[in-house]
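Derivation of every value follows stated rules applied to the coordinates shown; laboratory data play no part. Please read all numbers here as calculations on a predicted model, not as lab measurements. All Cβ positions, glycine included, derive from the backbone under ideal geometry; neighbour counts span all protein chains shown.
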Amino acid sequence: MVFFQHLMIGLNRNMADVQLTDHFTLNEFTRSALALRHGLSNVPGVLEITNMTRLAHHILEPVRQNFGFAFSPSSGYRCGQVNALAGSKPTSQHVTGHAVDFEIPTIANRILADWIKANLVFDQLILEFHHANDPKSGWVHCSYRQNHNRQSCLIFNGMNYKEF
Ligand SMILES: [Zn+2]
């Protein structure tokens, strides 16, 4: 209830920022250079915000706690138009608020992904645009669902997907 009261206050203040969890805000999930450039508002509904809150709680907060560094998602929620501009499929979990992309400065993405794989419940974990000879390359994409999380782990090198 407290969360939804915060949410309504936030929406009433013309999308002033809303704290989703201790260290992550709604604005960090919705801000988008693509949306700005194309004059799109990229505003999620309550369902998408609920999904982002679960994502922050079950994935981002434990990652922050373990590695001990502040970081901010590079891409969270994407409305259909922004998602299409990003070159992503309409079925992308970013559209429903289930997926987030992030990196932690100074931590190699491969180490970050391996830790998530070993320690967290998630739906899909993808090392995006990652090359084995460069552990810092690309970024981590991770999704979380309320139920039926698949624990699927993939590396995408820009051409092909393979499991890890
Ligand atoms: Zn992603």
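Structure values in brief
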| read-out | value |
| --- | --- |
| Some residue of the range 31-38 being of a type in the set (Ser, Thr, Tyr), part of a loop (DSSP other than H, G, I, E, B), within 13 Å of the ligand (Cβ to nearest atom) and more than 20 Å from residue 124 (Cβ to Cβ) | yes |
| Selection from the range 81-100 of residues that are in contact with a strand residue (DSSP E or B) (Cβ under 6 Å, 6 or more places away or on another chain) and either surrounded by fewer than 17 Cβ atoms within 10 Å (Cβ to Cβ) or of a type in the set (S, T, N, Q) (or both) | 93 |
| Candidates 129, 122, 69 - the one that is in contact with a strand residue (DSSP E or B) (Cβ under 7 Å, 6 or more places away or on another chain) and surrounded by fewer than 16 Cβ atoms within 10 Å (Cβ to Cβ) | 129 |
